[in-house]
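See below for the structure under consideration.
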Amino acid sequence: CATVLAGNQIALGTTQQGLAILSPDRSMHRLLSRESKLQNNNVLSIFCDRDQNLWLGLDNGVDFMEITSPVSTIFPDGNLEATGYTALISNDLIYFGTSNGLYCAPWSLNYDPLLPKPFQMLERASGQVWSLNPAGKDLLMGHHDGTFQIRGREVLPVSGIHGSWLFIPLGDGLMLGGTYTGLTLYRKEGNRWVASEELDGLKESSRIMIRDREGRIWVSHPYRGVYKVQIREDRKSADVRFYRSGSGLPSDLFNYVFRINGKAVVAGEKGLFQYNPQSDRFEPDTLFASFFDPELRIRYLREDARGNIWFVAGNELGVLEVRDEGIEKKIE
(Lines give C-alpha, C1' and ligand atoms only; values in the text may rest on other atoms or scores of the structure.)
Protein backbone atom coordinates (compact mmCIF):
# COMPACT_ATOMS: atom_id res chain seq x y z
CA CYS A 1 0.00 0.00 0.00
CA ALA A 2 1.08 3.60 -0.49
CA THR A 3 0.06 7.22 0.02
CA VAL A 4 1.42 10.65 -0.86
CA LEU A 5 2.64 12.87 2.00
CA ALA A 6 3.32 16.59 2.27
CA GLY A 7 6.29 17.82 0.26
CA ASN A 8 5.75 15.12 -2.38
CA GLN A 9 7.09 12.36 -0.14
CA ILE A 10 5.68 8.84 -0.57
CA ALA A 11 4.92 6.37 2.21
CA LEU A 12 5.11 2.69 1.20
CA GLY A 13 3.69 -0.12 3.31
CA THR A 14 5.46 -3.46 2.90
CA THR A 15 4.66 -7.02 4.01
CA GLN A 16 8.00 -7.77 5.69
CA GLN A 17 10.03 -4.58 6.16
CA GLY A 18 7.55 -2.17 7.76
CA LEU A 19 6.98 1.36 6.45
CA ALA A 20 9.31 3.10 4.00
CA ILE A 21 9.18 6.87 3.42
CA LEU A 22 10.74 8.14 0.20
CA SER A 23 12.07 11.66 -0.38
CA PRO A 24 10.83 13.68 -3.39
CA ASP A 25 13.85 12.39 -5.37
CA ARG A 26 12.69 8.84 -4.42
CA SER A 27 15.70 8.10 -2.24
CA MET A 28 15.02 6.36 1.06
CA HIS A 29 14.30 8.91 3.82
CA ARG A 30 13.10 6.75 6.71
CA LEU A 31 12.45 3.08 7.36
CA LEU A 32 10.12 2.31 10.26
CA SER A 33 9.86 -1.24 11.55
CA ARG A 34 9.59 -3.29 14.73
CA GLU A 35 12.96 -1.78 15.66
CA SER A 36 11.21 1.62 15.50
CA LYS A 37 8.42 0.29 17.78
CA LEU A 38 5.92 -0.84 15.12
CA GLN A 39 3.91 -3.78 16.45
CA ASN A 40 4.87 -5.80 13.37
CA ASN A 41 6.35 -5.27 9.91
CA ASN A 42 3.32 -6.22 7.78
CA VAL A 43 1.63 -2.90 6.83
CA LEU A 44 -1.65 -3.55 4.99
CA SER A 45 -3.12 -0.03 4.83
CA ILE A 46 -2.08 3.61 5.34
CA PHE A 47 -4.11 6.72 6.10
CA CYS A 48 -2.55 10.21 6.23
CA ASP A 49 -4.65 12.56 8.40
CA ARG A 50 -4.99 16.34 8.06
CA ASP A 51 -2.06 16.89 10.44
CA GLN A 52 0.13 14.84 8.08
CA ASN A 53 0.52 12.00 10.56
CA LEU A 54 0.08 8.37 9.57
CA TRP A 55 -2.33 5.68 10.72
CA LEU A 56 -1.24 2.16 9.80
CA GLY A 57 -3.43 -0.91 9.52
CA LEU A 58 -1.13 -3.81 10.36
CA ASP A 59 -1.46 -7.55 9.97
CA ASN A 60 -2.18 -7.54 13.70
CA GLY A 61 -3.15 -4.16 15.18
CA VAL A 62 -3.26 -0.43 14.38
CA ASP A 63 -0.35 1.97 14.83
CA PHE A 64 -0.14 5.78 14.82
CA MET A 65 3.06 7.43 13.51
CA GLU A 66 3.57 11.10 14.42
CA ILE A 67 5.98 11.66 11.55
CA THR A 68 5.64 15.47 11.71
CA SER A 69 7.12 15.60 15.22
CA PRO A 70 10.47 17.44 15.45
CA VAL A 71 11.53 14.93 18.11
CA SER A 72 13.13 11.59 17.27
CA THR A 73 14.28 8.79 19.53
CA ILE A 74 17.85 7.57 19.06
CA PHE A 75 19.20 4.35 20.54
CA PRO A 76 22.91 4.34 19.64
CA ASP A 77 23.30 1.03 21.49
CA GLY A 78 20.47 -0.69 19.57
CA ASN A 79 18.26 -3.02 21.57
CA LEU A 80 20.15 -2.39 24.83
CA GLU A 81 18.37 1.00 25.07
CA ALA A 82 20.49 2.39 27.90
CA THR A 83 19.75 5.74 29.55
CA GLY A 84 21.13 8.75 27.65
CA TYR A 85 23.03 11.29 29.80
CA THR A 86 24.89 13.54 27.37
CA ALA A 87 25.41 14.25 23.67
CA LEU A 88 27.81 16.54 21.81
CA ILE A 89 28.85 17.36 18.25
CA SER A 90 32.59 17.92 17.82
CA ASN A 91 35.04 17.71 14.91
CA ASP A 92 32.46 16.24 12.48
CA LEU A 93 31.49 13.48 14.94
CA ILE A 94 28.45 13.16 17.18
CA TYR A 95 28.95 11.53 20.56
CA PHE A 96 26.33 9.91 22.80
CA GLY A 97 27.16 9.22 26.45
CA THR A 98 24.92 6.52 27.93
CA SER A 99 24.76 4.39 31.05
CA ASN A 100 26.65 1.62 29.27
CA GLY A 101 29.30 3.52 27.32
CA LEU A 102 30.28 6.21 24.83
CA TYR A 103 29.08 5.91 21.23
CA CYS A 104 29.95 7.99 18.21
CA ALA A 105 29.05 8.39 14.53
CA PRO A 106 29.96 10.73 11.68
CA TRP A 107 27.84 13.87 12.09
CA SER A 108 25.16 14.15 9.41
CA LEU A 109 21.65 15.53 9.19
CA ASN A 110 20.54 12.44 7.26
CA TYR A 111 21.58 8.79 7.50
CA ASP A 112 20.73 6.19 4.86
CA PRO A 113 18.29 3.88 6.68
CA LEU A 114 19.24 0.95 4.41
CA LEU A 115 22.85 1.00 5.59
CA PRO A 116 24.02 -0.46 8.93
CA LYS A 117 23.61 1.83 11.90
CA PRO A 118 26.60 4.23 12.06
CA PHE A 119 27.00 4.19 15.86
CA GLN A 120 30.15 2.66 17.29
CA MET A 121 30.98 2.12 20.96
CA LEU A 122 34.45 3.52 21.62
CA GLU A 123 37.02 1.20 23.15
CA ARG A 124 37.94 1.87 26.79
CA ALA A 125 34.74 3.90 27.24
CA SER A 126 32.28 1.24 28.39
CA GLY A 127 30.29 1.91 31.54
CA GLN A 128 28.51 4.96 32.94
CA VAL A 129 29.21 8.21 31.05
CA TRP A 130 28.17 11.36 32.92
CA SER A 131 29.29 14.28 30.71
CA LEU A 132 31.19 15.44 27.64
CA ASN A 133 33.01 18.77 27.90
CA PRO A 134 34.89 20.74 25.19
CA ALA A 135 38.58 21.20 26.01
CA GLY A 136 40.21 22.99 23.08
CA LYS A 137 40.22 20.58 20.13
CA ASP A 138 39.60 17.65 22.46
CA LEU A 139 36.83 16.55 24.81
CA LEU A 140 37.00 15.60 28.45
CA MET A 141 34.64 12.81 29.42
CA GLY A 142 33.25 12.51 32.93
CA HIS A 143 32.88 8.78 33.66
CA HIS A 144 32.15 6.55 36.63
CA ASP A 145 35.67 5.12 36.35
CA GLY A 146 37.41 8.50 36.14
CA THR A 147 38.34 11.19 33.63
CA PHE A 148 39.16 10.49 29.97
CA GLN A 149 40.35 12.60 27.05
CA ILE A 150 38.50 12.02 23.77
CA ARG A 151 40.35 12.77 20.55
CA GLY A 152 38.26 11.72 17.57
CA ARG A 153 37.56 8.04 18.24
CA GLU A 154 40.52 7.66 20.60
CA VAL A 155 39.93 7.40 24.36
CA LEU A 156 42.86 8.35 26.60
CA PRO A 157 42.82 7.92 30.42
CA VAL A 158 43.52 11.11 32.40
CA SER A 159 42.65 10.29 36.01
CA GLY A 160 41.45 7.21 37.87
CA ILE A 161 39.67 9.22 40.58
CA HIS A 162 36.28 7.54 40.64
CA GLY A 163 33.15 9.42 39.66
CA SER A 164 34.08 12.30 37.38
CA TRP A 165 31.00 14.50 36.88
CA LEU A 166 31.86 17.59 34.80
CA PHE A 167 34.55 20.20 34.00
CA ILE A 168 34.87 24.00 33.99
CA PRO A 169 37.64 25.85 32.07
CA LEU A 170 39.74 28.18 34.22
CA GLY A 171 42.06 29.50 31.50
CA ASP A 172 45.85 29.08 31.20
CA GLY A 173 45.42 25.43 30.22
CA LEU A 174 43.58 24.52 33.42
CA MET A 175 40.26 22.74 33.95
CA LEU A 176 38.40 22.22 37.22
CA GLY A 177 36.60 18.91 37.57
CA GLY A 178 33.88 17.86 39.99
CA THR A 179 34.02 14.28 41.27
CA TYR A 180 32.19 12.04 43.72
CA THR A 181 34.59 13.22 46.44
CA GLY A 182 35.31 16.89 45.69
CA LEU A 183 37.29 18.95 43.19
CA THR A 184 40.29 18.12 40.99
CA LEU A 185 42.49 20.40 38.86
CA TYR A 186 43.57 19.22 35.40
CA ARG A 187 46.42 20.71 33.36
CA LYS A 188 47.21 20.58 29.64
CA GLU A 189 50.75 19.33 29.03
CA GLY A 190 51.57 19.23 25.33
CA ASN A 191 48.63 17.50 23.69
CA ARG A 192 47.57 15.55 26.78
CA TRP A 193 45.46 16.45 29.80
CA VAL A 194 46.79 15.28 33.17
CA ALA A 195 45.40 15.37 36.69
CA SER A 196 47.23 18.07 38.63
CA GLU A 197 45.81 18.28 42.17
CA GLU A 198 42.90 17.09 44.29
CA LEU A 199 41.93 20.33 46.04
CA ASP A 200 41.64 20.37 49.80
CA GLY A 201 38.68 22.25 51.24
CA LEU A 202 35.65 20.52 49.73
CA LYS A 203 35.05 16.78 49.88
CA GLU A 204 31.38 16.71 48.83
CA SER A 205 30.09 15.20 45.61
CA SER A 206 30.40 18.06 43.08
CA ARG A 207 27.94 17.14 40.35
CA ILE A 208 26.39 20.62 39.96
CA MET A 209 28.96 23.35 39.42
CA ILE A 210 29.31 26.68 37.57
CA ARG A 211 31.78 29.56 37.38
CA ASP A 212 30.34 33.10 37.45
CA ARG A 213 31.82 36.05 35.57
CA GLU A 214 33.63 37.19 38.71
CA GLY A 215 35.57 33.92 38.67
CA ARG A 216 33.83 32.42 41.71
CA ILE A 217 33.11 28.68 41.61
CA TRP A 218 29.69 27.62 42.86
CA VAL A 219 28.86 24.03 43.79
CA SER A 220 25.44 22.92 44.94
CA HIS A 221 24.45 19.68 46.64
CA PRO A 222 20.70 18.87 46.56
CA TYR A 223 20.77 17.52 50.14
CA ARG A 224 23.27 19.93 51.72
CA GLY A 225 23.21 23.46 50.33
CA VAL A 226 25.44 25.70 48.20
CA TYR A 227 29.22 26.15 48.37
CA LYS A 228 31.26 29.15 47.15
CA VAL A 229 34.75 28.03 46.21
CA GLN A 230 37.78 30.26 45.62
CA ILE A 231 40.95 28.45 44.57
CA ARG A 232 44.07 29.64 46.37
CA GLU A 233 47.17 30.78 44.50
CA ASP A 234 49.05 27.61 45.37
CA ARG A 235 46.49 25.66 43.26
CA LYS A 236 46.42 22.96 45.95
CA SER A 237 43.56 24.05 48.16
CA ALA A 238 40.49 26.28 48.16
CA ASP A 239 38.59 28.57 50.50
CA VAL A 240 35.03 27.31 50.86
CA ARG A 241 31.97 29.14 52.20
CA PHE A 242 28.76 27.18 52.86
CA TYR A 243 25.24 28.61 52.37
CA ARG A 244 21.97 27.05 53.48
CA SER A 245 18.56 28.09 54.79
CA GLY A 246 20.10 30.57 57.24
CA SER A 247 21.79 32.35 54.32
CA GLY A 248 18.61 33.39 52.51
CA LEU A 249 17.77 30.10 50.82
CA PRO A 250 14.31 28.66 51.63
CA SER A 251 15.64 25.23 52.58
CA ASP A 252 18.77 23.09 52.81
CA LEU A 253 17.24 20.74 50.23
CA PHE A 254 16.85 20.81 46.43
CA ASN A 255 19.22 23.70 45.74
CA TYR A 256 20.59 23.71 42.17
CA VAL A 257 22.97 26.38 40.85
CA PHE A 258 22.94 27.61 37.23
CA ARG A 259 24.86 30.28 35.33
CA ILE A 260 22.49 32.89 33.81
CA ASN A 261 23.82 36.14 32.29
CA GLY A 262 27.17 35.48 33.93
CA LYS A 263 25.68 35.23 37.42
CA ALA A 264 24.99 32.36 39.79
CA VAL A 265 21.25 31.70 40.06
CA VAL A 266 20.08 29.13 42.60
CA ALA A 267 16.80 27.28 42.12
CA GLY A 268 15.69 26.37 45.62
CA GLU A 269 12.92 24.19 47.00
CA LYS A 270 10.72 27.08 45.86
CA GLY A 271 11.71 30.15 43.90
CA LEU A 272 14.93 31.50 42.36
CA PHE A 273 17.73 33.29 44.22
CA GLN A 274 20.77 35.38 43.37
CA TYR A 275 23.89 36.00 45.42
CA ASN A 276 24.42 39.47 46.92
CA PRO A 277 28.18 39.96 47.57
CA GLN A 278 27.55 43.02 49.79
CA SER A 279 25.46 41.10 52.30
CA ASP A 280 27.06 37.70 51.53
CA ARG A 281 23.55 36.22 51.35
CA PHE A 282 21.13 34.93 48.76
CA GLU A 283 18.09 37.04 47.86
CA PRO A 284 15.03 36.42 45.65
CA ASP A 285 15.95 36.97 42.01
CA THR A 286 14.07 40.01 40.68
CA LEU A 287 14.65 39.18 37.00
CA PHE A 288 12.46 36.10 37.16
CA ALA A 289 9.90 37.44 39.63
CA SER A 290 7.40 38.49 36.93
CA PHE A 291 7.64 35.14 35.09
CA PHE A 292 7.51 32.51 37.80
CA ASP A 293 5.35 31.95 40.86
CA PRO A 294 7.67 32.41 43.89
CA GLU A 295 6.29 29.15 45.31
CA LEU A 296 7.20 27.21 42.17
CA ARG A 297 10.09 24.75 42.17
CA ILE A 298 12.35 25.37 39.15
CA ARG A 299 14.17 22.18 38.25
CA TYR A 300 16.40 23.35 35.41
CA LEU A 301 17.69 26.57 33.77
CA ARG A 302 19.89 26.88 30.69
CA GLU A 303 20.94 30.00 28.80
CA ASP A 304 21.54 29.42 25.09
CA ALA A 305 23.91 31.23 22.72
CA ARG A 306 21.25 33.87 21.94
CA GLY A 307 20.56 34.66 25.57
CA ASN A 308 17.23 32.82 25.70
CA ILE A 309 16.60 30.97 28.95
CA TRP A 310 15.22 27.44 28.80
CA PHE A 311 13.57 26.07 31.92
CA VAL A 312 11.84 23.10 33.49
CA ALA A 313 9.31 24.14 36.12
CA GLY A 314 7.13 21.53 37.78
CA ASN A 315 6.13 19.29 34.87
CA GLU A 316 6.46 22.01 32.24
CA LEU A 317 9.26 22.83 29.82
CA GLY A 318 9.51 26.29 28.25
CA VAL A 319 11.71 29.15 27.14
CA LEU A 320 11.98 32.84 28.02
CA GLU A 321 12.75 34.50 24.68
CA VAL A 322 15.07 37.48 25.02
CA ARG A 323 14.90 40.10 22.24
CA ASP A 324 16.98 43.23 21.79
CA GLU A 325 14.81 46.30 21.29
CA GLY A 326 17.19 49.25 21.07
CA ILE A 327 18.76 49.88 24.45
CA GLU A 328 16.39 47.49 26.20
CA LYS A 329 15.81 43.77 26.21
CA LYS A 330 12.30 42.40 26.04
CA ILE A 331 11.48 39.00 27.50
CA GLU A 332 8.50 36.91 26.45
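Considering only protein heavy atoms and a 1.4 Å probe, what is the carbon-and-sulfur percentage of the accessible area of the chain?
48
Would you rank Val62, Val265 by solvent-accessible area, highest first, keeping every protein chain in place and using a 1.4 Å probe?
Val62, Val265
Could you pull out which residues in the stretch 79-96 have an amide N less than 20 Å from a spot 7 Å beyond the Cα of Asp112, following the Cα-Cβ vector?
Answer for this model: 93-94.
Which lysines does Lys203 reach when only Cα atoms under 26 Å apart count, and residues fewer than 8 places away in its own chain are ignored?
Qualifying lysines at Cα under 26 Å: Lys188, Lys228, Lys236, Lys263.
Efficiency by 1/(1 + (r/R0)^6): what FRET value for Ile327 and Gln16, r their Cβ-Cβ distance, R0 = 45 Å, to the nearest 0.05?
0.10
Tell me the accessible surface of Thr83 in square angstrom (1.4 angstrom probe, heavy atoms of protein chains only), to the nearest ten.
For Thr83, the solvent-accessible surface is approximately 80 Å².
With every protein chain kept in place and ligands, DNA and RNA left out, what is the accessible area per residue of the chain? Probe 1.4 Å, answer in Å².
Here the residues of the chain average 55 Å² of exposed surface.
Pairs of alpha-carbon atoms within less than 8 angstrom and 6+ residues apart define the contacts here; what relative contact order does the stretch 1-44 have, in percent?
Relative contact order comes out at 34 percent.
Measuring from label point to label point, each 7 Å out along Cα→Cβ, what is the Arg299 to Asp239 span in nm?
It is 3.8 nm.
Through the Karplus equation 6.51 cos²θ - 1.76 cosθ + 1.60, θ set to phi - 60°, convert the phi angles of the stretch 83-95 into ³J(HN,Hα) values in whole Hz; use x for Gly and Pro.
For the stretch 83-95, the Karplus curve yields 6, x, 10, 7, 8, 7, 9, 7, 6, 6, 10, 10, 10 Hz.
For the stretch 1-110, which trypsin sites (Lys or Arg not before Pro) pass both filters: DSSP loop (anything but H, G, I, E, B) and at most 12 other C-beta atoms within 10 Å?
Here the sparse-neighbourhood loop sites are Arg26, Lys37, Arg50.
Treating the Cα atoms of the chain as identical point scatterers in vacuum, please give the log10 of the normalised Debye intensity I(q)/I(0) at q = 0.07, 0.12, 0.15 Å⁻¹, two decimals.
-0.40, -0.99, -1.22
For every other residue with a beta carbon closer than 11 angstrom to the beta carbon of Asp172, add +1 if it is Lys or Arg and -1 if Asp or Glu, then tell me the sum.
After counting each charged neighbour, the total is +3.
Heavy-atom accessible area of Phe167 with all protein chains present, probe 1.4 Å, nearest 10 Å²?
Rounded to the nearest 10, that gives 10 Å².
If you rank Tyr300, Tyr103 by how much accessible surface each has, with a 1.4 Å probe, what is the order from largest down?
Tyr300, Tyr103
Put Cys48, Cys1 in order of accessible area, largest first, 1.4 Å probe: what do you get?
Cys1, Cys48
Please report the relative contact order for the chain, taking Cα pairs under 8 Å with a sequence separation of at least 6, and give it as a percent rounded to a whole number.
Rounded, it is 6 percent for the chain.
The values are calculated or read from the model by the stated rules, or taken from the named source; none is laboratory data. All of these numbers come straight from a predicted model, not from anything done at the bench. Heads up, the Cβs are rebuilt from the backbone with ideal geometry, glycines too, and the neighbour counts pull from every protein chain shown. Calculation scope for accessible area: heavy atoms of the full protein, side chains included, ligands and nucleic acids excluded. Shrake-Rupley method; radii C 1.70, N 1.55, O 1.52, S 1.80 Å.
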